[in-house]
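**Student:** Please read through the structure below; I'll follow up with questions.
The values are calculated or read from the model by the stated rules, or taken from the named source; none is laboratory data. Keep in mind it's a predicted model, so treat the numbers as computed, not measured. When we count neighbours, we look across all protein chains shown, and the Cβ atoms used for this are built from the backbone with ideal geometry, even at glycine.
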Ligand code: FES
Ligand SMILES: [Fe+2]
């Protein structure tokens, strides 16, 4: 079983036009396709068709995550494993999602859905595939984000979902939180070369905590915080800070439907090979430092606010 | 522009009142009046700003998430995007914060008084 990356997030938005505007201007994605009620977008440094799907909806929140597998046969294997675990499995035809081949949609114990696919239309890097100029045209105040990096979902029983991702879909657990009785309540999982692509934390089932975009360096991130404030984009209490988990430099803000976004840089690299690298472990009483390293405490709203 | 009167009773039982122009969110009007409400996403998506509309009517300046408001008690309103269409009495089970506009000038005034 080889999932190779978190490929895209499909989000529900309550105002499609404003959402597209936000992800284009504030985040720096390009629009790569449109169908009725849907906009597809991609970051400059990815060749696949999209890293974000925006769905016009009455509610905000997650529609599903897209995960890319390395071989077409992996889809059937994942479907079998999910069915054996008693999870709902649904096949989507090629083209059901623009620019994407057939896929298998699995509903996790947390009720979030993940859509595994192999083929994506190749649209190339934003700078082009031939003799590219590394500097993007139309840079709007900031350097562009690099790619969709990871997402954090919340659910009532994180352990079940973490175990399925780790034991059946072969994600590697790079960092986790364990209660005194040994229960996993927090997990950071990766199928690629960075320390997390999907993370699972406690909260209401199906909740989306945030999706994160990778920014090249800290100077860029500081500039981005300035611009978020300048443009009046809603942010959390903390401006620029750092997580103990992964040690990343980070800032949070919200899209116009209330889905939380993160800009982050500096996550360490590690192997996504399942079970080959031991996880870091956090105790519940150290979550303040794990979450906000500078402040050493977590504002109540940080974990309770989800879309 | 029409202005409506908002009377807000918070988690500690205290009531404050302020004007809110029609078409402006109650959150923004409260902010202008010096009260910081419990708002996070400010975009109708998380429900943290939910309050009870005891009296009056509101509209929304932009959409709020249906799934979130459906999970709330009847008469719940999301203050980050609600705007009054008549005078309103609103109750919250959380407490707002007073916006400290100019801590330095306040400190200077206190020092002056001490002389
Ligand atoms: S602050 Fe999130 S819905 Fe109002
Ligand atoms: Fe994150």
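**Student:** From the residues in region B:18-50 that are more than 12 Å from chain A (Cβ to nearest Cβ) and farther than 24 Å from residue A:18 by Cβ, which one is nearest to ligand 1 (Cβ to nearest atom)?
**Tutor:** B:35
**Student:** Taking the residues in region A:194-221 that are surrounded by 15 or more Cβ atoms within 10 Å (Cβ to Cβ) and away from ligand 2 (no atom under 16 Å from the Cβ) as candidates, determine which candidate is nearest to residue A:145 (Cα to Cα).
**Tutor:** It comes out as A:220.
**Student:** Among the strands (runs of 3 or more DSSP E) contained in region A:72-163, which hold 3 or more residues that are within 16 Å of ligand 2 (Cβ to nearest atom)?
**Tutor:** So the answer is A:148-155.
**Student:** Right, here's the next one. Just to verify a result, which residue in region A:185-234, among those that are within 16 Å of ligand 1 (Cβ to nearest atom) and farther than 30 Å from residue A:3 by Cα, is nearest to the other protein chains (Cβ to nearest Cβ)?
**Tutor:** A:234
**Student:** Moving on to the next point. Residues that are within 14 Å of another protein chain (Cβ to nearest Cβ) and closer than 16 Å to residue A:9 by Cα: does region A:235-255 have at least one?
**Tutor:** yes
**Student:** Can you find a residue in region A:32-52 that is closer than 19 Å to residue A:306 by Cβ and in contact with a strand residue (DSSP E or B) (Cβ under 6 Å, 6 or more places away or on another chain)?
**Tutor:** Checking region A:32-52: at least one residue is closer than 19 Å to residue A:306 by Cβ and in contact with a strand residue (DSSP E or B) (Cβ under 6 Å, 6 or more places away or on another chain).
**Student:** Right, next: Take residue A:207 and tell me if it is over 22 Å from residue A:265 (Cα atoms), over 15 Å from the mean Cα position of the chain (by Cα) and not assigned by TED's automatic domain parsing to the domain that holds residue A:68.
**Tutor:** It is false that residue A:207 is over 22 Å from residue A:265 (Cα atoms), over 15 Å from the mean Cα position of the chain (by Cα) and not assigned by TED's automatic domain parsing to the domain that holds residue A:68.
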